[in-house]
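The values are calculated or read from the model by the stated rules, or taken from the named source; none is laboratory data. None of these values were measured; they are calculated from a predicted model. Positions of Cβ are backbone-derived with ideal geometry, glycine not excepted, and every protein chain shown enters the neighbour counts.
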Ligand code: SF4
Ligand code: SF4
Ligand code: SF4
Ligand code: FES
């Protein structure tokens with residue numbers, strides 16, 4: 001997020017949520033938004049194909065068809081430019097490429113945008129006016145924007161809108177992706193990505209490569225590695241022979257699970273490090289029992305870049321061990337086996353970490369955005385949001401104040417492109433996927449939290465009364481949903497939360513995981529699969 | 001314009017708009033309260049906070065009365081103390097004498113005030129309520145209306161903080177009843193089981209159901225940590241007793257969330273003690289030396305874990321690749337780590353770094369993820385590390 005949860009909750013005049021089921025996936029942010037709306041009268045616009053909970057609180061719900069976010073955003077920008085509502089000073093001082101944007105959005109008249117998105121033109125006009133009249137406004141999005149073949153253009157369109165309105169670098173503004181998993185932000189920050197070291201330092205930058213080679217005392221690869229989805233393909237072709245999977249469950253979270261299964265079966269050697277015997281562990285050669293968060297010391301970084309302490313409260317069951325201990329033991333063994341030539345004089349060549357504070361020291365030394373987030377400060381309760389460039393720096397609650405990190409903010413405009421797979425005669429319905437309040441991700445944790453599981457025991461498919469009637473499906477009846485890639489069984493929840501022609505389900509349940517159905521088509525740049533749209537058919541079972 | 005007043009003979013400067021209560025507390029002068037909570041709007045319902053103000057004809061409720069310029073306040077006037085005692089006595093006439101077994105014993109604002117003001121249990125009270133105990137099947141929230149003091153903190157918490165408007169009072173006088181929706185079950189009244197109302201209840205009328213009988217405040221140790229579900233990063237206190245997390249409680253000073261938590265953060269912790277937790281390293285038989293394996297299995301140091309993995313919730317064999325060689329053996333750490341390191345070293349020598357791919361974890365800490373990345377790059381010599389950020 002460019003901004004903080006607090007300044008959005010307390011200072012946004014208009015909150016625009018697109019592609020985030022905030023109440024169910026980021027519940028406490030959801031309550032803060034409801035509070036902003038009801039207690040201090042902020043405007044709330046929700047754009048989502050489903051009538052999600054937060055839409056009930058909104059001034060305006062734009063129920064656009066899945067996969068038409070670009071047309072929607074371009075349509076809003078068209079109106080703003082037509083009316084002269086853009087922030088001309090901000091655009092002149094801080095951005096470039098406005099002409100390109102102007103040209104592109106010219107064709108997205110309300111009529112055109114409405115025809116593509118299914119949102120009435122009058123609602124688009126009203127939304128644009130609301131955005132223009134209530135500044136600063138913040139934009140919040142989640143996987144509903146990114147999990148498309150046009151994920152990257154979608155994100156840029158969000159940024160375009162906010163730059164156009166001059167909503168960047170101010171309290172109550174910003175472009176704010178809500179990160180899913182508790183520490184997905186931290187995992188990215190720490191270099192758990194194929195193209196960057198910690199702090200987003202590029203592996204392909206020779207100066208950065210030299211810095212880490214000097215620090216770790218080895219030669220390092222100058223080529224970006226494989227992404228999750230590419231790993232699965234490489235495992236299938238045999239290029240990747242060893243998979244080391246830590247606390248992840250690709251057997252529920254990846255697209256096209258039947259394909260993942262084949263790839264895992266073919267892999268020579270799989271190590272799974274986990275707290276439960278996951279679906280993925282079935283394919284493992286070695287399973288290492290890890291500690292849960294209540295047994296671990298360290299830090300997590302939340303969606304607003306705030307680095308916070310995690311503390312050990314109890315001992316691990318049996319012989320389960322903290323991930324830090326496990327990786328350290330493995331590293332020491334590999335060093336003994338001389339897998340690489342290490343220069344012993346390099347300052348951070350060594351392993352043998354006694355605990356997270358030792359590691360944080362190395363993170364501080366090698367990661368400019370974390371340089372001042374020392375263990376001592378965090379332990380003393382300092383509230384730090386990165387970048388924290390030095391030990392005296394108070395952290396950065398709002399990014400891009402006065403200046404974008406790359407200098408001028410660039411408008412990069414893109415045309416609407418239809419999703420990779422659309423309904424046809426054989427697969428007449430559109431499926432979109434997501435989560436529900438009581439479950440989390442593949443359900444590894446929530447299915448074992450007794451009462452959460454009791455609250456939402458079965459996989460459900462939301463289907464509109466009209467589609468249910470057509471297929472002769474009654475409430476709670478079992479139905480089979482199939483796509484070109486697979487099929488699942490789940491119970492019908494007949495509801496007008498979805499529009500006719502659209503069904504919704506989750507990936508919380510291993511046996512009926514939506515990802516047996518989803519399309520692995522990727523955004524070419526971000527390599528994010530199109531979880532939010534694929535074509536399916538439903539049949540009544542029995 | 002700051003305001004100058006005197007409270008209990010102490011000259012005090014308070015910001016404009018402050019109540020007498022806020023002015024007093026900011027200066028370390030205690031005034032007892034029940035219906036007041038700093039996060040919630042003041043309603044002046046309980047009259048516990050009454051104080052004498054010079055020149056005023058009646059006692060004033062400190063939580064709702066603004067501090068005025070030149071005001072002279074006495075928080076412990078005989079009249080105020082008597083009124084508070086009376087308020088407490090009235091509450092006790094319709095409250096069960098249950099502190100011995102009550103969940104919130106030691107963590108109850110009513111109990112503390114009754115103690116502070118030396119109020120005795122009224123043996124011969126009139127009619128007491130006999131509401132059904134725990135009438136709602138919601139698995140997270142226990143309700144005992146017999147202990148409800150009608151302070152309305154839960155109502156305001158749900159309305160102002162959670163914005164769900166579940167709770168309200170129905171009927172009047174002695175018949176006043178706290179109800180969800182139109183006297184419905186919580187879930188039917190739009191409750192999302194966030195537990196905020198429980199967290200704000202000053203007494204044992206609303207209680208975290210999952211934790212009942214597992215430990216009271218004097219028996220637990222609280223450990224501040226960060227939630228492991230979503231990226232909001234709520235902080236809370238793990239309540240630990242005998243090596244088990246028995247409850248999660250709000251931490252008022254949590255930087256992101258304050259008292260707020262969601263159902264997963266507050267009530268979704270019990271998986272950490274689930275019997276299906278992995279407790280021993282498992283290695284497929286084919287990677288173990290056959291003789292050692294036979295000997296260790298015979299001696300009981302290792303054991304065949306196929307039954308165990310089934311019990312662990314795995315479906316070993318369901319994918320048709322079950323053979324004796326594929327059995328999981330539960331082994332010691334050294335053996336498991338040696339198998340992994342040995343195989344990695346061998347593959348690295350034969351095929352180079354491109355043969356490896358690592359999935360790091362959005363559930364693990366920053367420090368652990370940093371080491372996973374270092375391990376991948378420094379020792380496996382590849383950049384093929386990723387995690388589920390995209391999924
Ligand atoms: S649990 Fe939350 S939503 Fe339910 S009644 Fe209490 S405060 Fe309201
Ligand atoms: S349930 Fe608790 S918070 Fe609600 S009115 Fe009764 S005593 Fe007050
Ligand atoms: S308590 Fe709920 S909203 Fe807060 S971090 Fe945990 S899962 Fe997210
Ligand atoms: S605390 Fe002031 S009236 Fe209840």
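Residues that are over 21 Å from residue A:440 (Cβ atoms), more than 7 Å from chain B (Cβ to nearest Cβ) and without any contact (Cβ under 8 Å) to a residue 12 or more places away in the chain: does segment A:237-256 have at least one? So that I can check it myself, show each step before the final result.
Restricting attention to segment A:237-256, the residues satisfying the condition of being over 21 Å from residue A:440 (Cβ atoms) are A:237-244, A:256.
Among the residues that remain, those that are also more than 7 Å from chain B (Cβ to nearest Cβ) are: A:237-238, A:256.
So of that shortlist, the ones also without any contact (Cβ under 8 Å) to a residue 12 or more places away in the chain come out as A:237.
Yes, segment A:237-256 has at least one match.
Considering only residues that are near ligand 3 (Cβ under 7 Å from one of its atoms) and either part of a strand (DSSP E or B) or at pLDDT below 95 (or both), which ones fall in segment B:217-230? Don't jump to the end; show me each part of the working.
As a first pass, look at segment B:217-230 and keep what is near ligand 3 (Cβ under 7 Å from one of its atoms): B:227, B:229-230.
Correct list: B:229, B:230.
Restrict the check to segment B:140-157 and report whether at least one residue is more than 13 Å from ligand 2 (Cβ to nearest atom) and touching a residue at least 60 places away in the same chain (Cβ under 8 Å).
At the first step, the residues of segment B:140-157 found to be more than 13 Å from ligand 2 (Cβ to nearest atom) are B:140.
This time we only want the ones that are touching a residue at least 60 places away in the same chain (Cβ under 8 Å), so: B:140.
Checked segment B:140-157: at least one residue is more than 13 Å from ligand 2 (Cβ to nearest atom) and touching a residue at least 60 places away in the same chain (Cβ under 8 Å).
Take residue B:87 and tell me if it is away from ligand 1 (no atom under 16 Å from the Cβ), assigned to a helix (DSSP H, G or I) and outside the structural domain of residue B:38 (by TED's automatic domain parsing). Lay out the reasoning, then the answer.
Details: away from ligand 1 (no atom under 16 Å from the Cβ): yes; assigned to a helix (DSSP H, G or I): yes; outside the structural domain of residue B:38 (by TED's automatic domain parsing): no.
No, not satisfied.
For segment B:113-132, check the following and say yes or no: at least one residue is at pLDDT 95 or above, over 23 Å from the mean Cα position of the chain (by Cα) and within 10 Å of ligand 1 (Cβ to nearest atom).
no
Looking only at residues in segment B:59-74 that are more than 12 Å from ligand 4 (Cβ to nearest atom), within 14 Å of residue B:21 (Cβ to Cβ) and not in a strand (DSSP E or B), which one is farthest from the other protein chains (Cβ to nearest Cβ)?
B:71
Any residue in segment B:65-81 that is within 16 Å of ligand 2 (Cβ to nearest atom) and free of Cβ contacts under 8 Å to residues at least 60 places away in the same chain? Show your work before the answer.
The first filter runs over segment B:65-81 and keeps only residues within 16 Å of ligand 2 (Cβ to nearest atom), leaving none.
No, segment B:65-81 contains no residue that is within 16 Å of ligand 2 (Cβ to nearest atom) and free of Cβ contacts under 8 Å to residues at least 60 places away in the same chain.
Collect the residues in segment B:149-183 that are in a loop (DSSP other than H, G, I, E, B), more than 9 Å from ligand 1 (Cβ to nearest atom) and in contact with a strand residue (DSSP E or B) (Cβ under 9 Å, 6 or more places away or on another chain), keeping them in residue-number order.
Scanning segment B:149-183 gives B:150, B:152, B:171, B:176, B:181, B:182, B:183.
In this structure, does residue B:201 turn out to be more than 8 Å from chain A (Cβ to nearest Cβ), within 15 Å of the chain's Cα centre (by Cα), within 16 Å of ligand 4 (Cβ to nearest atom) and within 21 Å of residue B:139 (Cα to Cα)? Can you show your working first?
Values: more than 8 Å from chain A (Cβ to nearest Cβ): yes; within 15 Å of the chain's Cα centre (by Cα): yes; within 16 Å of ligand 4 (Cβ to nearest atom): yes; within 21 Å of residue B:139 (Cα to Cα): yes.
So residue B:201 fits the description; yes.
Counting only residues that are more than 7 Å from chain B (Cβ to nearest Cβ) and assigned to a helix (DSSP H, G or I), which one in segment A:213-224 is surrounded by the most Cβ atoms within 10 Å (Cβ to Cβ)? Can you show your working first?
Looking only at segment A:213-224, we keep the residues that are more than 7 Å from chain B (Cβ to nearest Cβ), and these are A:213-215, A:217, A:219, A:222.
Then drop every residue that is not assigned to a helix (DSSP H, G or I), which leaves A:213-215.
On the way: A:213: 16, A:214: 14, A:215: 19.
Only one residue tops the list, namely A:215.
With the requirement that a residue be touching a residue at least 12 places away in the same chain (Cβ under 8 Å) and facing chain B (nearest Cβ under 9 Å), what does segment A:189-203 give you?
If the condition is that a residue be touching a residue at least 12 places away in the same chain (Cβ under 8 Å) and facing chain B (nearest Cβ under 9 Å), then A:189, A:190, A:194, A:195, A:197, A:198, A:203 are the ones that fit.
Between a first residue in segment B:28-40 that is at negative phi and within 14 Å of chain A (Cβ to nearest Cβ) and a second residue that is in a loop (DSSP other than H, G, I, E, B) and more than 16 Å from ligand 3 (Cβ to nearest atom), which pairs have beta carbons less than 9 Å apart while being 6 or more apart in sequence or on different chains?
Correct list of pairs: B:40/B:152.
Considering only residues of segment B:273-286 that are modelled with pLDDT under 95 and in a helix (DSSP H, G or I), which is surrounded by the most Cβ atoms within 10 Å (Cβ to Cβ)?
B:285
What's the number of the only condition in (1) away from chain A (no Cβ under 14 Å); (2) part of a strand (DSSP E or B); (3) away from ligand 4 (no atom under 16 Å from the Cβ) that residue B:142 fails to meet?
Failing condition for residue B:142: (1).
Looking at this structure, is residue B:29 away from ligand 1 (no atom under 16 Å from the Cβ) and either crowded, with 20+ Cβ neighbours inside 10 Å or at pLDDT below 95 (or both)? Break it down into steps so the answer makes sense when it comes.
Working: away from ligand 1 (no atom under 16 Å from the Cβ): yes; either crowded, with 20+ Cβ neighbours inside 10 Å or at pLDDT below 95 (or both): no.
Taking the combined requirement at face value, the residue does not satisfy it.
Output the residue which, of all residues in segment A:437-458 that are part of a loop (DSSP other than H, G, I, E, B) and surrounded by fewer than 23 Cβ atoms within 10 Å (Cβ to Cβ), is nearest to the other protein chains (Cβ to nearest Cβ). Explain how you work it out, then say what you get.
Residues of segment A:437-458 part of a loop (DSSP other than H, G, I, E, B): A:437-445, A:449, A:456-458.
Still in the list and also surrounded by fewer than 23 Cβ atoms within 10 Å (Cβ to Cβ): A:437, A:456-458.
Values: A:437: 6, A:456: 10, A:457: 12, A:458: 16 Å.
Across segment A:437-458, the extreme among qualifying residues is A:437.
Look through B:373, B:357 and report the one residue that is assigned to a strand (DSSP E or B), in contact (Cβ under 8 Å) with a residue 12 or more places away in the chain, within 7 Å of chain A (Cβ to nearest Cβ) and touching a helix residue (DSSP H, G or I) at 6+ places or on another chain (Cβ under 9 Å). Steps first, answer last, please.
Working: B:373 fails: assigned to a strand (DSSP E or B).
Among B:373, B:357, only B:357 is assigned to a strand (DSSP E or B), in contact (Cβ under 8 Å) with a residue 12 or more places away in the chain, within 7 Å of chain A (Cβ to nearest Cβ) and touching a helix residue (DSSP H, G or I) at 6+ places or on another chain (Cβ under 9 Å).
Go through segment B:201-216 and count every residue that is within 16 Å of ligand 3 (Cβ to nearest atom) and either within 28 Å of residue B:127 (Cα to Cα) or touching a strand residue (DSSP E or B) at 6+ places or on another chain (Cβ under 7 Å) (or both).
Matching residues across segment B:201-216 total 1.
Looking at A:294, A:339 in this structure, which one is assigned to a loop (DSSP other than H, G, I, E, B) and either at the interface with chain B (Cβ under 7 Å from one of its Cβ atoms) or over 19 Å from residue A:248 (Cβ atoms) (or both)? First the steps, then the outcome.
On the way: A:294 fails: assigned to a loop (DSSP other than H, G, I, E, B).
Of the residues listed, the single one that is assigned to a loop (DSSP other than H, G, I, E, B) and either at the interface with chain B (Cβ under 7 Å from one of its Cβ atoms) or over 19 Å from residue A:248 (Cβ atoms) (or both) is A:339.
Is there a residue being more than 14 Å from chain B (Cβ to nearest Cβ) and farther than 23 Å from residue B:159 by Cβ anywhere in segment A:26-47?
As a first pass, look at segment A:26-47 and keep what is more than 14 Å from chain B (Cβ to nearest Cβ): A:43, A:45-47.
Okay, now just the ones that are also farther than 23 Å from residue B:159 by Cβ, so A:45, A:47.
Looking for residues that are more than 14 Å from chain B (Cβ to nearest Cβ) and farther than 23 Å from residue B:159 by Cβ, one finds at least one in segment A:26-47, hence yes.
Conditions tested, residue by residue: (1) surrounded by 22 or more Cβ atoms within 10 Å (Cβ to Cβ); (2) in contact with a helix residue (DSSP H, G or I) (Cβ under 8 Å, 6 or more places away or on another chain); (3) more than 8 Å from every other protein chain (Cβ to nearest Cβ); (4) under 23 Å from residue A:184 (Cβ atoms).
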| position | (1), (2), (3), (4) |
| --- | --- |
| A:298 | yes, yes, no, yes |
| A:305 | yes, yes, yes, yes |
| A:319 | no, yes, no, no |
| A:332 | no, no, yes, no |
| A:352 | no, yes, yes, no |
| A:355 | no, yes, yes, no |
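Go through segment B:190-212 and report how many residues are outside any helix (DSSP H, G or I), away from ligand 2 (no atom under 14 Å from the Cβ) and touching a residue at least 40 places away in the same chain (Cβ under 8 Å).
4
Any chance you could count how many residues in segment B:27-58 are in a loop (DSSP other than H, G, I, E, B), within 14 Å of ligand 4 (Cβ to nearest atom), under 18 Å from residue B:117 (Cα atoms) and in contact with a strand residue (DSSP E or B) (Cβ under 7 Å, 6 or more places away or on another chain)?
If we filter segment B:27-58 for residues that are in a loop (DSSP other than H, G, I, E, B), which is where we start, we get B:27-49, B:54-58.
Checking the rest, the ones that are also within 14 Å of ligand 4 (Cβ to nearest atom) come to B:30-49, B:58.
With under 18 Å from residue B:117 (Cα atoms) added as a condition, the list becomes B:30-35, B:46-49.
From the residues that got through so far, the ones that are in contact with a strand residue (DSSP E or B) (Cβ under 7 Å, 6 or more places away or on another chain) too are B:31, B:47, B:49.
Qualifying residue count for the region: 3.
Return the residues of segment B:108-121 that are surrounded by fewer than 15 Cβ atoms within 10 Å (Cβ to Cβ) and part of a loop (DSSP other than H, G, I, E, B); say none if nothing qualifies.
B:118, B:120, B:121
Identify the residue in segment B:158-189 that is without any contact (Cβ under 8 Å) to a residue 12 or more places away in the chain and more than 16 Å from ligand 3 (Cβ to nearest atom) and, among all such residues, is surrounded by the most Cβ atoms within 10 Å (Cβ to Cβ). Reasoning before the result, please.
Quick first cut of segment B:158-189, residues without any contact (Cβ under 8 Å) to a residue 12 or more places away in the chain only: B:159, B:163, B:171-173, B:175, B:182, B:184, B:188.
Applying the additional criterion that residues be more than 16 Å from ligand 3 (Cβ to nearest atom) yields B:159, B:171-173, B:175, B:182, B:184, B:188.
Numbers: B:159: 20, B:171: 10, B:172: 8, B:173: 5, B:175: 8, B:182: 9, B:184: 14, B:188: 12.
Per the stated criteria, the residue is B:159.
Here's the yes/no breakdown for (1) within 28 Å of residue B:236 (Cβ to Cβ); (2) within 16 Å of ligand 4 (Cβ to nearest atom); (3) touching a helix residue (DSSP H, G or I) at 6+ places or on another chain (Cβ under 9 Å):
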position: B:107; (1), (2), (3): yes, no, yes
position: B:110; (1), (2), (3): yes, yes, yes
position: B:127; (1), (2), (3): no, no, yes
position: B:146; (1), (2), (3): no, no, no
position: B:153; (1), (2), (3): yes, yes, yes
position: B:163; (1), (2), (3): yes, no, yes
position: B:187; (1), (2), (3): yes, no, yes
